[in-house]
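Chemist: Can you read through this structure? Questions will come right after.
The values are calculated or read from the model by the stated rules, or taken from the named source; none is laboratory data. Quick caveat: nothing in here was measured; it's all calculated off a predicted structure. Virtual Cβ from ideal backbone geometry, glycine too; neighbours counted across all protein chains shown. For accessibility, only protein heavy atoms count, side chains too; no ligands or nucleic acids. Shrake-Rupley method; radii C 1.70, N 1.55, O 1.52, S 1.80 Å.
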Amino acid sequence: MMRTRPLKVALLGCGVVGTEVARIMTTHADDLAARIGAPLELAGIAVRRPGKVREGIDPGLVTTDATALVKRGDIDVVVEVIGGIEPARTLIATAFEHGASVVSANKALLAEDGATLNEAAERHGRDLYFEAAVAGAIPLVRPLRESLAGDHVQRVLGIVNGTTNFILDRMDTSGAGYSEALDEATALGYAEADPTADVEGFDAAAKASILAGIAFHTRVRLDDVHREGITEVTSADLASAKRMGCTVKLLAICERAADGKSVTARVHPAMIPLSHPLASVREAYNAVFVEAEAAGQLMFYGPGAGGAPTASAVLGDLVAVCRNRLAGARGPGESVYARLPVSPMGDVVTRYHISLDVADKPGVLAQVATVFAEHGVSIDTVRQKGKDGEASLVVVTHRAFDAALSGTVEALRGLDTVRGVASIMRVEGE
Ligand SMILES: NC(=O)C1=CN([C@@H]2O[C@H](COP(=O)(O)OP(=O)(O)OC[C@H]3O[C@@H](n4cnc5c(N)ncnc54)[C@H](O)[C@@H]3O)[C@@H](O)[C@H]2O)C=CC1
Ligand SMILES: N[C@@H](CC=O)C(=O)O
Ligand code: NA
C-alpha cells in the first residue's frame, strides 16, 4: 500500500552525477514511488555555485548551506555526491546524527574513512549505501555483500577506472596522445575533479580497498593497496604488448592467499592477452571478475563512469534505503569479522615483461640471464633488437615473487652493460 507522506531526500552536490540524480528523481517520480511504497520529495539541493542555471531544477530548493540542510531533522535520506574528504565526511556524520540514512558515490572518502562512517551508521541505526562508488552503474557492491554472502570469495580482478581505460583504449586503437585522451575523458564527465586521482591509480586503489574489504570481510586500508597509475605507460609499451598478442589495462586485483590466511590488494597497469575478456573492454566501460569457491567465476560488465550510469546506481541505493526505512529496518552493514592480515606487494606472484636498453656486445645476454637466475626468476622468452652498438632486450618471465623481481631489476640497474630499464610491466590473465 502506498504511503502518502513523502520520504524526504537531501541532495549534496549537483555536478555531473548530482544533476542526473535530480533529473531521474523528477522524471521517474511515479515509478520510484510505486517501487518504494511512498513518494520521494527532493527537499533541498546543496550546491557551491547557487547562481548557475540548472535545467529542470527548482531554484527554490537550492542552498549553499549544506550543513543546515543535513541538520534539518526531517530529512530521511542524504545523497552525497560532492566528492572528496571534507566537507563530505562531516556532512555524512552530521546526517547520521540527525537521523538520516546516507547514499554516497564517494569512493575516496569510503576508502579513507569508511570504518568511521560505517560505525556512525551502525550507532545511529541508519544505512550507508555506496553502490555507485565502485564501477559506476555495475551492480558489484550489493552482489558481493548480499548475493555472495553465502560463498567464499577468492579473488576480485578487473578494470574499475573508466578514465584510464578510456585513455589506454584511445592510445592503443587510434594512436591518440595521452593528454588529448585525458581531456576527452574529462569532457565526457568520467574523470575525477582532480584527474590525478584517476591517472595515478588513487581512484582504482580506493575501489580496490572497498572491494577487498567487502569480499574478504576484512578492513583493507587505502595504504594497504599497492598502487601504480598509467602515467608511465608509453606507446612503446602498447606496441610491445601488441607484438606479444596482448594489450595494456589498468587492473585492480584483490586476492586471498592460497592458504586463505592473508590477502593482497593491488592496482597497476598490466599486459593481458587479447583473447582475455578484459582485453575487449573499451572506452570508459569497467569489467570485474569475481571468483568464489562455490559459484566459480562471475563477470560483471558495464559503464563504470559518467553522470547517468552513476546516477542509476545512486537511485538503486536510494530505493533500497527508502524501503528499509519504511520497514523500520537496516540493510547489511560493514562486515569485517575475518580480520585477515594484508600482505605486502613483495608476496604477490605473477609474470613480468621487462624492457632493457643494453650494450650490444658478446656476453651481455648471458650476464642478464645470470642476474635473473640468481634471484630465482625464471625466464620464459627473450627478444633482442640491436642497432649501432646498443640493443633493446625484452624479457618475459615465468611466475615469480614481486620481491624477487624487484631484486632482479635493482641488480640489473647495477650492470655496466645495462644502460637503462625502459619499462617493467606485469603480465596477467594467462
Ligand atoms: N563522474 C563519475 O563518473 C563518477 C563519480 N563518482 C563520484 O561521485 C561524486 C561526484 O562526482 P561528480 O558528480 O563527477 O563530480 P562533480 O565535480 O561534477 O560534482 C560535484 C559537485 O559538488 C559541488 N560541491 C563541492 N563542494 C560542495 C559543498 N561544500 N556543498 C555543495 N556542493 C559542493 C561542486 O560544485 C560540484 O558541482 C564523487 O565522489 C565521485 O568520485 C562515482 C562514480 C562515477
Ligand atoms: N573517475 C572515475 C569515475 C567513476 O568512478 C572513473 O573514471 O572510473
Ligand atoms: Na557499482
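Chemist: Compute the acute angle (0 to 90°) between the alpha-carbon long axis of helix 307-327 and the principal axis of greatest extent of the alpha-carbon atoms of the chain; round to the nearest 10°.
Modeler: The helix 307-327 is inclined about 50 degrees to the chain.
Chemist: Calculate the spin-label point distance for Lys52 paired with Asp223, positioning each point 7 Å from the Cα along the beta-carbon direction, and give it in nanometres.
Modeler: Once both label points are built, they end up 3.4 nm from each other.
Chemist: With charges only on Cβ, +1 for K and R and -1 for D and E, what is the dipole size of the chain about its Cα centre, in debye, rounded to 20?
Modeler: Values: 43 positive and 54 negative charges, 148 e Å.
It comes to approximately 720 debye.
Chemist: I would also like to ask the following. Separation between the Ser343 and Ala187 pseudo-spin-labels, each 7 Å from Cα along Cα→Cβ, expressed in nm?
Modeler: Inter-label distance under the simple model: 4.6 nm.
Chemist: Count the lysine pairs in the chain whose Cα atoms lie under 18 Å apart, taking only pairs 8 or more positions apart in sequence or on different chains. Provide the component values of the computation, followed by the final result.
Modeler: Working: Lys8/Lys71; Lys107/Lys207; Lys207/Lys249; Lys242/Lys385; Lys361/Lys385; Lys361/Lys387.
Going through the chain pair by pair, I get 6.
Chemist: Going by a ≥ b ≥ c, the root eigenvalues of the Cα gyration tensor, does the range 170-286 fall in the rounded group (a/c under 1.5), the prolate group (a/b larger than b/c) or the oblate group?
Modeler: Values: a/c = 2.33, a/b = 1.43, b/c = 1.63.
Judged from the Cα gyration tensor, the range 170-286 comes out oblate (a/c at least 1.5, b/c at or above a/b).
Chemist: Kindly sort Phe289, Phe401 by accessible area of their heavy atoms, largest first, with the probe set to 1.4 Å. Don't skip to the end; give the middle numbers.
Modeler: Working: Phe289 15, Phe401 110 Å².
Correct descending sequence by accessible area is Phe401, Phe289.
Chemist: When the chain is modelled as a GNM with alpha-carbon springs shorter than 10 Å, which of Arg339, Arg123, Arg221 fluctuates the most?
Modeler: So, out of Arg339, Arg123, Arg221, the one fluctuating most is Arg123.
Chemist: How large is the helix-only mean residue ellipticity at 222 nm for the chain, computed as the sum of -39500 (n - 2.57) over DSSP H runs with n ≥ 4, divided by its residue count, in deg cm²/dmol to the nearest 500?
Modeler: Numbers: 13 runs with 146 residues, N = 430.
Computed mean residue ellipticity for the chain: -10500 deg cm²/dmol.
Chemist: Another question about this same structure. Once you order the gyration tensor axes a ≥ b ≥ c over the Cα atoms, which shape class does the range 259-350 get: rounded for a/c under 1.5, otherwise prolate or oblate by comparing a/b with b/c? Walk me through the intermediate numbers first.
Modeler: Numbers: a/c = 2.37, a/b = 1.27, b/c = 1.87.
Cα axes put the range 259-350 in the oblate bin.
Chemist: Pulled fully out, how much extra length does the chain show between Ala239 and Ser335, if you take 0.36 nm times their separation in residues and subtract their Cα-Cα distance?
Modeler: Residue separation times 0.36 nm, minus the Cα-Cα distance, leaves 30.2 nm.
Chemist: Name the GluC sites (Glu not before Pro) in the range 284-393 that are in a loop by DSSP and that have at most 13 other C-beta atoms within 10 Å, would you?
Modeler: Working: sites: Glu291, Glu293, Glu334, Glu374, Glu390; in loops: Glu293, Glu334.
Passing sites in the range 284-393 are Glu293.
Chemist: Here's another thing I want to ask about it. Out of residues 5 or more away from Thr231 or on other chains, whose amide H comes under 5 Å of its own, with H placed 1.01 Å from N in the peptide plane?
Modeler: none
Chemist: With the Cα gyration tensor of the range 345-427 giving a ≥ b ≥ c as the square roots of its eigenvalues, does the rule (a/c under 1.5 for rounded; else a/b larger than b/c for prolate; else oblate) give rounded, prolate or oblate?
Modeler: On the way: a/c = 2.00, a/b = 1.78, b/c = 1.12.
Note, shape of the range 345-427 comes out prolate.
Chemist: Round to the nearest 0.05 the FRET efficiency obtained for Ala327 and His98 when R0 = 25 Å and r is the Cβ-Cβ distance.
Modeler: Values: r = 21 Å, r/R0 = 0.83.
In this case the efficiency is close to 0.75.
Chemist: May I ask you to give the solvent-accessible area per residue for the range 201-276, in square angstrom, as obtained with a 1.4 angstrom probe? Mind dumping the intermediate values first?
Modeler: Numbers: 2670 Å² over 76 residues.
Using a 1.4 Å probe on heavy atoms only, each residue of the range 201-276 averages 35 Å².
Chemist: OK, next. Per residue of the range 289-305, in order, report the coupling 6.51 cos²θ - 1.76 cosθ + 1.60 (Karplus, θ = phi - 60°) as ³J(HN,Hα) in whole Hz, putting x for Gly and Pro.
Modeler: 9, 10, 10, 10, 3, 8, 6, x, 9, 10, 10, 10, 9, x, x, x, 7
Chemist: Further, regarding this structure: Over the heavy atoms of Ser280, what accessible area does a 1.4 Å probe trace out, to the nearest 10 Å²?
Modeler: 80
Chemist: I've got another one for you. Step by step: find N for the chain, compute 2.2 N^0.38 Å, then divide the Cα radius of gyration by it. What's the final number? The partial results should precede the final answer.
Modeler: Numbers: Rg = 24.0 Å, N = 430, 2.2 N^0.38 = 22.0 Å.
Its radius of gyration relative to the 2.2 N^0.38 Å reference: 1.09.
Chemist: Enter the accessible area per residue of the range 345-427 (Å², integer; probe 1.4 Å; all protein chains in place). Please list the in-between numbers first.
Modeler: Working: 4060 Å² over 83 residues.
Solvent-accessible surface per residue comes out at 49 Å².
Chemist: While we're looking at this one, here's another question. Take Leu412, Leu40 and sort them by solvent-accessible surface of the protein heavy atoms, 1.4 Å probe, largest at the top.
Modeler: Details: Leu412 0, Leu40 40 Å².
Ranked list, largest accessible area first: Leu40, Leu412.
Chemist: Which residue, Val102, Val395, Val199, tops the fluctuation ranking in a GNM of the chain built on C-alpha contacts under 10 Å?
Modeler: Highest fluctuation among the options: Val395.
Chemist: Ignoring ligands, DNA and RNA, what percent of the 1.4 Å accessible area of the range 141-302 is carbon and sulfur?
Modeler: Values: 3080 of 6330 Å².
Roughly 49 percent of what the probe reaches on the range 141-302 is carbon or sulfur.
Chemist: Note down the nm distance, to one decimal, between modelled labels 7 Å out along Cα→Cβ at Asp380 and at Arg399.
Modeler: Distance between label points: 1.1 nm.
Chemist: Among Val17, Ala108, Met2, pick out the residue whose Cα is farthest towards the positive end of the charge dipole of the chain, where Lys and Arg carry +1 and Asp and Glu carry -1 on C-beta, about the Cα centre.
Modeler: Met2
Chemist: With angles folded into 0 to 90 degrees, how steeply does helix 88-97 sit against the dominant principal axis of the chain? Use alpha carbons for both and round to 10.
Modeler: It is inclined by approximately 40 degrees.
Chemist: Using amide H atoms built 1.01 Å from N in the peptide plane, name the residues 5+ places from Val62, or on other chains, whose amide H lies under 5 Å from its own.
Modeler: Correct list: Ile45.
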